[in-house]
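Throughout, read-outs are computed from the coordinates displayed, never taken from laboratory work. Since we're looking at a predicted model, the values are computed, not measured. Here the Cβ positions follow ideal geometry from the backbone for every residue, glycine too, while neighbour counts run over all protein chains shown.
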Amino acid sequence: MSVGDAPGVLGGKKGVFGSTATAPTGSAAMTEALGIGEMMAWLKITMDQSDAQIRDQMKDLDAKKELAAELAKILTAMKNAENWKADSPTGRNCTDVEKLLVDFDKQDWFKKLPDSAKDAVTRLVTDIGADHLADEGTVKSAREAIADHIATLSSSNEMAMVKLQSAIAARGQGVQLISNMINAFNETNNRIIGNVK
């Protein structure tokens, strides 16, 4: 039974404990509208949705962290290449970069780059010659494109972390709400039992 189908205030029918003429508010209203079974079903649905949302957000955060770590290795190699001057005044030794960029177009990290960064990395790979040298400007463009994307990922991670914290807080509020509802339900039962005595 869904919350909308449950007898009582939410379903627009007569409450579990009688007329809804003087409808209670807050947790008491929900307790009046739903039995303990319905409350537990509602809690399960709410917690399952909340847990799924939290899992998805954590998975997304982990994926972004792994991507940023992979790109950080490539960025470090590019920085080293920029500082490693060859005999040519504009040539940069890209031996380490070349190792990291083997089959670059098949790698997950490459597929997740924006088009401008993909173009910059592709130009760099194309520019690296048999002597492992690449033009200084090409190395710099690729390095800047990777660095920009890492900064974007970092900003995105901060926003994702705020959303995750919000989802965790909402889950806690759901648990507190059901706890209040169960307490109200028990108090109502105790009053009824007391009146019968």
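General observations
- Of Lys79/Lys99; Lys59/Lys163; Lys73/Lys163; Lys44/Lys112; Lys65/Lys118; Lys64/Lys118, pairs whose Cα-Cα distance is over 24 Å: Lys73/Lys163; Lys44/Lys112
- For region 42-197, pairs of C-alpha atoms spaced more than 24 angstrom apart make up 54 percent of the total.
- Listed residues Ala81, Gly174, Asn93: farthest to the positive end of the dipole of region 58-196 (Cβ charges): Gly174
- Residues with amide H under 5 Å from that of Leu133, placed H, sequence gap 5 or more: Cys94
- Region 114-120 - phi-based ³J(HN,Hα) in whole Hz, Karplus 6.51/-1.76/1.60, Gly and Pro as x: x, 4, 5, 6, 4, 4, 5
- Dipole of region 58-196 computed with +1 at Lys/Arg Cβ and -1 at Asp/Glu Cβ about the Cα centre; of Gln107, Met58, Val125, farthest Cα towards the positive end is Met58.
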